[in-house]
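Below is one structure, written out as C-alpha cells; comments come after it.
Just so it is clear, none of the values below were taken in a lab; they were calculated from the coordinates. Everything numeric here is computed off the predicted structure, so don't read it as measured data. Virtual Cβ from ideal backbone geometry, glycine too; neighbours counted across all protein chains shown.
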Amino acid sequence: MSRTTDTLRRFDASQGPRKVGPADGLYAELGGCGARFMIWGEESGGGFSLVEHPIPPRSLCAPLHRHDGVDEWSYVLEGRMGSLLGDDVIYADAGELAFKPRDQWHTFWNAGDTPCRILEIISPAGFEHFFRELSERLERGETDMSDLSPKYGIEFDMDSVQRICEQHGLTHPLLRQDD
C-alpha cells in the first residue's frame, strides 16, 4: 500500500482539471475486499469521499456493522453485490445503486462467481481514513483494532461473519483463522 501525502486539500479551479485514471489512487487490502481511494474527504471539502471496492468472488467484505452519522451509496460497476440492510437482503447488479443509511446495521459481499467492483460514496467524508488506517495496521500484523471503532464511529457484530457466510455461501479471512 502506498502512503497518503500530508498535502491533501480541497481541489478547486486554481489547480486546473483533475482526472483519476484506473490505476490512480492509494490502494489498500482490507481482507474481505480491497479499497482504492479516488477522492479523499479533504479533496471534496468534507462533503463526501469516493472509494472503489474490488471484491473477490463469493467474498464477504465486512462483519455486520453500523456507522454513526455516515451514509454510504454503493454503485455497482461490474458483477453482483449482495447486501444485508437491517433485516432485508438486496442484490444490485452492474449499473444499480444501493443505499446504506447511517445508523442501520448492514454489510455487503460479492454475490457472484466473478469479480465485483463497486464505487462507494461516503457522506460526509472522513470514514475513508478508517480503511486506510485498518490496512496500515494489517500490513504491520497488528490484531487489536478496538480503538478504531470509537475513533471512526463504527460498531461491529463480529459474531455475524460465520452466520452470513454460511447463509450466502461466502468466505471471509476471519473464518480462515479458525481452521
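Of Glu128, Glu43, Glu120, which has the largest mean-square fluctuation in a 10 Å C-alpha GNM of the chain?
Most flexible of the set in this elastic network: Glu43.
For the chain, with a Gaussian network of springs between Cα atoms less than 10 Å apart, report the residue from Arg163, Arg140, Arg132 with the top mean-square fluctuation.
Residue with maximal mean-square fluctuation among Arg163, Arg140, Arg132: Arg140.
What does the charge dipole of the chain about its Cα centre add up to, to the nearest 20 debye, if the Cβ of each Lys and Arg holds +1 and the Cβ of each Asp and Glu holds -1?
On the way: 18 positive and 31 negative charges, 107 e Å.
The dipole of the chain has a size of about 520 debye.
Roughly what would the spin-label model give for Leu85 and Arg18, points 7 Å off Cα along C-beta, in nm?
Label-label distance for Leu85 and Arg18, simple model: 2.8 nm.
With each run of n ≥ 4 DSSP H residues scored as -39500 (n - 2.57), what mean residue ellipticity at 222 nm is computed for the chain after dividing by its residue count and rounding to the nearest 500 deg cm²/dmol?
That comes out to -4500 deg cm²/dmol.
How much length would be gained if the chain were fully extended between Gln104 and Arg10, taking 0.36 nm per residue of separation minus their Cα-Cα distance, in nm to one decimal?
30.9 nm
Calculate I(q)/I(0) for the stretch 74-179 by the Debye formula, one identical point scatterer on each C-alpha and no solvent, and give its log10 at q = 0.09, 0.14, 0.17 Å⁻¹ to two decimals.
For the requested q values the scattering log ratios are -0.26, -0.66, -1.00.
Please find, in a Gaussian network model of the chain (springs between Cα atoms separated by less than 10 Å), the residue of Ser83, Ser14, Ser146 whose mean-square fluctuation is greatest.
Maximum among the listed residues: Ser14.
Roughly what % of Cα-Cα distances in the chain sit above 23 Å, to the whole percent?
The calculated P(r) of the chain puts 39 percent of pairs beyond 23 Å.
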